[in-house]
Structures are given as structure tokens and as C-alpha cells.
1. Under 6 Å between Cβ atoms, at least 6 apart or on separate chains: pull out the pairs that start in the range 236-258 with a residue that is in a strand (DSSP E or B) and end on any residue that is open to solvent by 20 Å² or more (accessible area, probe 1.4 Å).
2. Scan the range 86-103 and give yes if some residue there is hydroxyl-bearing (Ser, Thr, Tyr) and under 21 Å from the mean Cα position of the chain (by Cα), otherwise no.
3. Answer with yes or no whether residue 47 is at pLDDT 95 or above and under 20 Å from the mean Cα position of the chain (by Cα).
4. Has the range 289-300 got any residue that is farther than 20 Å from residue 233 by Cα, aliphatic (A, V, I, L, M) and touching a Lys or Arg at 6+ places or on another chain (Cβ under 6 Å)?
5. May I ask you to say which residue of 165, 224, 196, 188 is assigned to a helix (DSSP H, G or I), open to solvent by less than 50 Å² (accessible area, probe 1.4 Å) and either of a type in the set (A, V, I, L, M) or in contact with a Leu (Cβ under 7 Å, 6 or more places away or on another chain) (or both)?
6. Please specify each residue of the range 199-212 satisfying the condition of being in contact with an Asp or Glu (Cβ under 6 Å, 6 or more places away or on another chain) and either β-branched (Val, Ile, Thr) or open to solvent by 50 Å² or more (accessible area, probe 1.4 Å) (or both).
7. Could you figure out which of (1) of a type outside the set (Ser, Thr, Tyr); (2) in contact with a strand residue (DSSP E or B) (Cβ under 6 Å, 6 or more places away or on another chain); (3) without any contact (Cβ under 8 Å) to a residue 12 or more places away in the chain isn't true of residue 118?
8. Filter the range 80-96 down to the residues that are open to solvent by 60 Å² or more (accessible area, probe 1.4 Å) and either within 14 Å of residue 207 (Cα to Cα) or in a strand (DSSP E or B) (or both) and list them by number.
Amino acid sequence: MNHILADFKTFLDASSTSWHTVKEIANRLAIREFHPLNEEEKWHLELGKKYFVTRGGTLCAFALPAMKPTQAIVLGSHTDSPALKLKPVPAYQQANMTQFGVEIYGSPLLTSWLNRDLVLAGRVVIAKSSGNLEERLVYLDDALFFIPQLAIHLDREVNEKGLQLNKQDHLNPIVGLSEDSKMPFEVLEKLLRRHLSFHSLLSFELFLVPHEPSRFVGIENEMLASYRLDNLASVHAALSAMGMLDKPAAQKLQLSLFWDNEEIGSRTKEGAASPFLNQILERISHCLNINPEEQFLLKNHSLCVSIDMAHALNPNYPKKYEPRHAPLLGKGIVIKYNADQKYASNALSASTIVQACQTLNLPHQSYVCRSDLPCGSTVGPIVAQSTGINTVDIGCPQLSMHSIREVMSTQDYLDLVRLLTHLLQEG
């Protein structure tokens, strides 16, 4: 097996939430001589060195050139995925069953969450006996939950009319059986104490995630099935490209942003609409004595590559796709276009990707949504608006987007790594 694919699979299985993803990214960067920075401390940066800084579920990694930078290449992706999130007071009892109440994060394909083995993952803030507060990441895989679907005998027309789910009533997992009416209010803390030692639980952000690991599928194992391919495939590809930087560029700042909260609009302190990127560029400029005029020139000579997954042709629903712009699995990197700039690609930015693919002899495809269907969006237009950096939207094609089990071609992923590595080093 290709070592990059093996590491990708390991990365997927360890990245159940955005916070776990950032932890995995940081570990891999540290091994590759990227130095951690703290937002709350003064920075002392040196030309030719590599750094990273985190903000919750967001991380920025950058490599400074040998001389003062005159341009930048920015790889942008996101660490979050659509999911079911526990409510602040989650536990309650229905008949003799304990359940957790959930709310919807982003736009998951809800039916895919039914009848699955689910666990809790996320972050908690606890108080120790000393009174100190600690933030801890958890993956509680010793207790499996499930969301049962109504039997067909009680929903006779479900196969003809489709399943209708009420988001308040029908998505709450069964945690266990109990006759003790007081038990539901203690079950979460009891579960956490199996993994953590603490005086009191102060707050938490926990998600339901599938227990099933990623797997290679297909006759030749030519595809990969996993939770959170959207958008961990892009994250890991950008991370792999950053990890291959073995010597400083001459005057090009090489930078990767892994943002949280894209699936809910990016308008958070950790999202692409936050000042995080501009603040990092300003702090780099301050440390390297880049004046405001030079910073404007740097941005105007730069390129942002927004990397997110694309809708591959589902052969069971061909009429849902624009006939001449339906990406196929295994047929290469997708350049995404939209007349209303829901994707940031334009003639100039897209030409950079086309030329790079031609240089590397990599296939590429164009994606446009049907004119009679609404189009999604990415971090690309947000970055273009907030920084003024020319931006292009690309990605790998995938099936079952926003479901609990997504599928992509392994060759498309390897092609993406090659392209991003080239853009960082040569583009």
C-alpha cells in the first residue's frame, strides 16, 4: 500500500472531530520540524524556519522563505463535517430507555445516521480538585449508541414515499436501559469518568460519530470509504504537501490554513470569515519588517487554493448533474466554477491549476452545478473577499457527500497530493 494512503487512513480514523484533527496535524508537523507558536505570546520568527499555530479546531502552518517574501501560496481547507451534536443538557428518559438529545450541526444526510454503531467524541472542560480548569479531548469508544429506525410494519409507505425525519423527535440515540429516573442526569458524567479523573464537569462539546473505521473498497481496493472525507481528504493532502517542504523557498511564503466551522457558515472566531489569516499575515509582516505597502504587494502577487470535495456523478441519479460537467471518480482533480462566485475560481486563478496539471501530466475535470439547482460554497469566496488574494476552488470528486459514510477514489487523492506539493514548491 502507498505510504501516503496508509497515513491518510490512520489520520481519518484518529480525526473524529475538528479538535482531534488539529491534534493530529500538530503531531505530524512537529515531527517535520515545524515549531509551535502561541497566539497569546509575542512571536520571534526566523527566515527559513517553519511554524504552526492553533486556535481551537483551526490550525495554520507556514514555512518562511530564505529572504523576505514577495508572494504567498495559501492552501485552504476545513476540519469540520456535518454531524449530530449533544445538547447542553442531553440526557433524558423515555419509558425505560435513556437517550441523549441532539441538535444538527451543518447539513448532514440524516438518514445515513440511522441504525449505526455510534460513539461520543469531542472536548470537555473539567475542574480538578485543585480548582484548575483543563480542556481535554475524548473519544468514548467503550459505549456504543444507536438511533433506531421505525420498523417498516409501522411505516408501510417508507420505501415508496421516502423517510420523513423530525429533527427534534427522531434522531435521539438510545444510550441504555434503566428503571432509575435519576440515572439519565448522571449518565454522561459517569461515562466520562471511565476516561478522565476530575472534580466536576463544567462544559462540553460532544458529537456522535460512527464507530466503523475507514476501509478501502472496490474490486481492486481502488476507493476509500470513511466518515469525514469531506473535508479531511483535502486537509491531509495539504498537510502531506506541507510535510514535503525540505528546504526554504527563495521569496515565497508557503502557508496552509485548516479552518473550523465551514459547515455552519465560517462566521466564528475559528472560521474562514474570522480575522485569523489576516492576523497571521500581519504578525509575519511585523516580525520580518514588511511594511504595509509591501504587504499589499505580497497579497496581490499571491494565490489561495481553496480545497474542498466535489460532487461526483452518482450513476443512479444522472439527471441531477450538469451533463458536460459531472466529475467522475478516478478521473482527476476537479476545478469548481460558479457564475455567482459561490466558488472563487476565475479565468486567471483556474489557469494556474490547469497549467500545473499539464506540467505534471495529471487529469483534471470541471464542475458546474445544474442551472436549475442551488449551488453550495466553500471557504474560497470568503478568503478572496477578506484578503483580496486571487483564489481558485478545487477538490476531489466523492460520492455520498455529507453522509456518515462517504466514498472517493484513492488515485484522485494521490493526484491531489502531487498537485498541492507542486504548487507549494513551484507554483
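The values are calculated or read from the model by the stated rules, or taken from the named source; none is laboratory data. Model, not experiment: these values are computed from the prediction. Ideal geometry is used to build each Cβ from the backbone, glycine not excepted, and the neighbour counts take in all protein chains shown. With ligands, DNA and RNA removed, areas are computed over all heavy atoms of the protein, side chains included. Shrake-Rupley method; radii C 1.70, N 1.55, O 1.52, S 1.80 Å.
1. Taking only residues 6 or more apart or on different chains, the pairs are 252/71.
2. No, there is no match, as no residue in the range 86-103 is hydroxyl-bearing (Ser, Thr, Tyr) and under 21 Å from the mean Cα position of the chain (by Cα).
3. no
4. For the range 289-300, residues farther than 20 Å from residue 233 by Cα, aliphatic (A, V, I, L, M) and touching a Lys or Arg at 6+ places or on another chain (Cβ under 6 Å): absent.
5. Being assigned to a helix (DSSP H, G or I), open to solvent by less than 50 Å² (accessible area, probe 1.4 Å) and either of a type in the set (A, V, I, L, M) or in contact with a Leu (Cβ under 7 Å, 6 or more places away or on another chain) (or both) holds for just one of 165, 224, 196, 188, which is 188.
6. Across the range 199-212, the qualifying residue is only 211.
7. (3)
8. 88, 89, 92, 94
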